[in-house]
Amino acid sequence: MTRRHVMEFERPLVELEAKLGELRQLDLTANPELAAEVAALAVEIEALRESTYADLSAWDRVQISRHPDRPKAQDYLAAIFTDVVELHGDRCYGDDEAIVAALATIDGRRVAVLGHRKGKNTRENIARNFGMAHPEGFRKAMRIMRLAEKFGLPLVTLIDTPGAFPGIEAEERGQAWAIAESLALLSGLRVPVVAVGIGEGGSGGALAIGFGDRLIMLENSYYSVISPEACASILHKDAGKAAEVATCLAMTATDLVGLGIVDEIIPEPVGGAHRDPGEVFGAVRGRVSEALKALSGRDPDELVSMRYAKLRAVGVIEEVQG
Amino acid sequence: MSISDWFKAREARRYTAVNGERVAGDVPDGVWNKCSSCKRIVYEGQLVANLRVCPYCGNHFDLTAFERIDLLADPGSFAEFDAGVGSTDPLGFVAAKPYTVSLESARERSGLTEGVVVGRATIGDHPVVLGAMDFRFIGASMGSAVGEKIARSFEVATSERRAVVLCTASGGARMQEGMLSLMQMAKTSAAARRLAEARLPYISVLTNPTMGGVTASFAVLADVVLAEPGALIGFAGPRVIEQTIKQHLPKGFQSSEYLLEHGMVDEVVVRGQLTARVTTLLGYLAGGGEQA
Ligand SMILES: [Zn+2]
């Protein structure tokens, strides 16, 4: 198997794996000694794999979350949903491919789905702007939120973006306005909302569709107020300190469970979701279905006030009596 | 002429050179400001008399939170609440310098506990919750405490049936509180929505600069969005955009006037007209159709 993209921390492992792959192409029936060596190498690789992925830093996880082979929103749509009907356009300006919107069915339940959509190759990534939405993307998302509310469909969102696009046209068309309106709309949406962090959770562009009654994160996804590179260049004037800053920012799934922001973590296969997407699809389908089941039949008023209470509780303050 | 008289005369020339105007008598010698826009010298007295607007070019200087409140609230009507609400350092954040040090020095410098001041007031006799952000306090960035005070402002207004008037100035979400800060965007937007559902008016005044997570949350969710002239307002910072698209930005990009042109704000209002304008708007939005 050839890999297009090797993360720095796993390079030694990947090199050995490649070697093993080559050896396995050989016909070893006539060479029992070599066969024993291959078996030993396989054992060695298992041990190295264990130690490489045993204690991942926040920065390592950021690398995994950005891995080009990591399953993307469209992969989840294809793998865990049926009868998918993609809907296009914001009815105002255009159709932003950086956001995917669909009606779909999961385990027999009809839902609306929103996701940030990255590409899998350069051509796709150019069309989808690397998953960085313009205002029309968020306005498309809002259209689908309203549709879901109108017809009583729960909403499932898949979070995977480096952030909202910082560009001239995006500002001109009201990037901040689109995100703010999306936040307000989502906060009061009268249907269950389950959000799943599947990759990058970059700032306001992620949050615009990235919270709800349940916030679930894959083990190696991240969610952050700012990218570690941008934070490092502001605070240290050195983007190279991103690894250090990533730890400070408390952006991993585990950190965020600790801060009371994330409800649950879906474990990933050793090395990341791209190593065994099938396993991840199964787990995500199970957890999303469970969450939807737990939320179904709730009174919309109760749902909205619970969601508000949940948001309202986020933050750490002190009150000095003056 | 004695040497000391000569020095005094020279001082006087230096401080009265601009347009030949004399400084108001009660302002101590030597208190002057250089306008960042026209680069001319403006005396403190002139600046105060002119609501901290450059008398030569109209540049709107920054206001502190309390200067802004004094400008808008009916005299003596402002009663601050939650003055003691402050952020802590929940992440133990240390990058370049510890967050606790930044918080402490911001408190010392500004005399405030946090980057926004909120309270009950009247504006033109309309009961409001009035808030103003203070850019001196870590760029009035929004962390847990700023988010909490903004959310409480909307809640107090909703339960007491007041209008909300918020004057924003902020660099965006506060990095040092990580995701706790990002979530304040959702929290404040949710609170603003509840005010709207109660059909109570919300007017925001965007001042220089209003950026990032504050613009992209409660700041622009108002029924009427006003902006001060020449303010920088947007989502992404100009430098980030230039680095991303590898182009120079057009002149006036992300200014109040640019946003007006693109349909993002209702009106650009000079500071001298602001209180009257907000009062008129409150009359329309809070007063109903029948005029007394
Ligand atoms: Zn000037």
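The values are calculated or read from the model by the stated rules, or taken from the named source; none is laboratory data. Bear in mind that the values here come from a model prediction, so they are computed numbers and not experimental data. Using ideal geometry, Cβ is built from the backbone for each residue, glycine included, and neighbour counts are taken over all protein chains shown. Side chains are part of the model used for accessible areas, which takes the heavy atoms of the whole protein and leaves out ligands, DNA and RNA. Shrake-Rupley method; radii C 1.70, N 1.55, O 1.52, S 1.80 Å.
Quick notes on this one:
- Solvent-accessible area, 1.4 Å probe, carbon plus sulfur percent, for the range B:62-286: 51
- Neighbour net charge for residue A:53 - beta-carbon separation under 12 angstrom, K R +1, D E -1: -4
- Rolling a 1.4 Å probe over the protein heavy atoms leaves residue A:276 with an accessible area of roughly 60 Å².
- Accessible area buried between chains A and B, both sides summed, probe 1.4 Å, in Å² to nearest 100: 4800
- Measuring with a 1.4 angstrom probe and ignoring ligands and nucleic acids, residue B:57 comes out at about 60 Å² accessible.
- Largest GNM mean-square fluctuation across B:245, B:203, B:41, computed for chain B with C-alpha springs under 10 Å, falls on B:245.
- The range B:62-286: relative contact order in percent, alpha carbon pairs under 8 Å with at least 6 residues between: 17
- In the complete set of protein chains, residue-level accessible area for residue A:241 is approximately 80 Å², probe 1.4 angstrom.
- Segments A:223-236, A:129-142, A:291-304 sorted - mean Cβ within 10 Å per residue, highest first: A:129-142, A:223-236, A:291-304
- Computed with the Debye formula from one identical point scatterer per Cα of the range B:31-177, without solvent, the log10 of I(q)/I(0) at q = 0.10, 0.14, 0.15, 0.22 Å⁻¹ comes to -0.40, -0.75, -0.84, -1.26.
- Sites residue B:125 and residue A:24, calculated FRET efficiency, Cβ-Cβ separation with R0 56 Å, nearest 0.05: 0.10
- Accessible area expressed per residue, the range A:62-313, with surrounding protein chains retained (probe 1.4 Å, Å²): 34
- Peptide B:236-242 - average C-beta neighbours from other chains (10 Å radius): 5
- Reducing the range B:121-137 and the range A:69-136 to their Cα centroids gives an inter-centroid distance of 42 Å.
- Summing Lys and Arg as +1 and Asp and Glu as -1 over all other residues whose Cβ lies under 14 Å from the Cβ of residue A:287 gives a net charge of -4.
- Think of it as helices only: each DSSP H run of n ≥ 4 in the protein assembly as shown is worth -39500 (n - 2.57), and spread over all residues that comes to -13000 deg cm²/dmol at 222 nm.
- Positive-end residue of A:78, B:182, A:280, charge dipole of the protein assembly as shown with Cβ unit charges: B:182
- Table column - 3J(HN,Hα) (Hz), the range B:161-172, Karplus curve with 6.51, -1.76, 1.60, x for Gly and Pro: 6, 10, 7, 10, 10, 10, 9, 9, 6, 6, x, x
- Taking the average, over residues, of other Cβ atoms within 10 Å as the packing measure, peptides A:171-182, A:205-216 rank A:205-216, A:171-182 from highest down.
- Dipole magnitude of the range A:139-259, debye to nearest 20 (Cβ charges: Lys/Arg +1, Asp/Glu -1, about Cα centre): 540
- Ranking B:68, B:152, B:199 by solvent-accessible area of protein heavy atoms (1.4 Å probe, all protein chains present), from largest to smallest, gives B:199, B:152, B:68.
- Ordering A:47, A:20, A:35 by the projection of their Cα atoms onto the charge dipole of the range A:8-55, which places +1 on the Cβ of Lys and Arg and -1 on the Cβ of Asp and Glu, puts A:35 at the extreme positive end.
- Cα centroid separation, the range A:224-291 to the range A:145-216 (Å): 18
- Less than 5 angstrom separates the built amide H of residue B:202 from those of B:164, B:223, B:224, all sequence-distant by 5 or more or on a different chain.
- A Gaussian network model of chain A, with springs between Cα atoms under 10 Å, assigns the largest mean-square fluctuation among A:149, A:22, A:219 to A:22.
- For residue A:120, the aspartates and glutamates whose Cα comes closer than 18 Å to its Cα, not counting residues fewer than 8 places off in the same chain, are A:69, A:75, A:96, A:97, A:160, A:200, A:276.
- Note on chain A: percent of Cα-Cα distances in each 10 Å bin, starting at 0 and stopping at the bin with the largest distance, equals 6, 25, 32, 21, 10, 4, 1, 0, 0.
- For q = 0.09, 0.18, 0.19, 0.21 Å⁻¹, Debye-computed log10 I/I(0) when each Cα of the range A:73-207 counts as one equal scatterer: -0.22, -0.95, -1.06, -1.31
- Mean per-residue shielding of peptide B:259-266 is 3, counting Cβ atoms of other chains within 10 Å of each Cβ.
- Shape of the range A:181-238, Cα gyration tensor, a/c cut at 1.5: oblate
- Highest-first packing order for the peptide set A:150-158, B:114-122 is B:114-122, A:150-158, based on the mean count of other beta carbon atoms within 10 Å.
- Computed Rg/Rh of the protein assembly as shown, alpha carbon atoms with Kirkwood Rh: 1.05
- Note on the protein assembly as shown: with charges restricted to the Cβ of Lys and Arg (+1) and Asp and Glu (-1), its dipole about the Cα centre is near 1380 debye.
- Test item: B:84-92 mean partner chain Cβ contacts at 10 Å: 4
- GNM result for chain A, Cα springs below 10 Å: residue of A:199, A:108, A:89 fluctuating most strongly: A:108
- Shown for the protein assembly as shown: cysteine residues without a partner Cβ closer than 4.7 Å, namely A:92, A:231, A:248, B:167.
- Percent carbon-and-sulfur accessible area, chain A, ignoring ligands, DNA and RNA, probe 1.4 Å: 53
- Counting only Cα atoms, the size of chain B along its three principal axes is 72, 58, 42 Å, in decreasing order.
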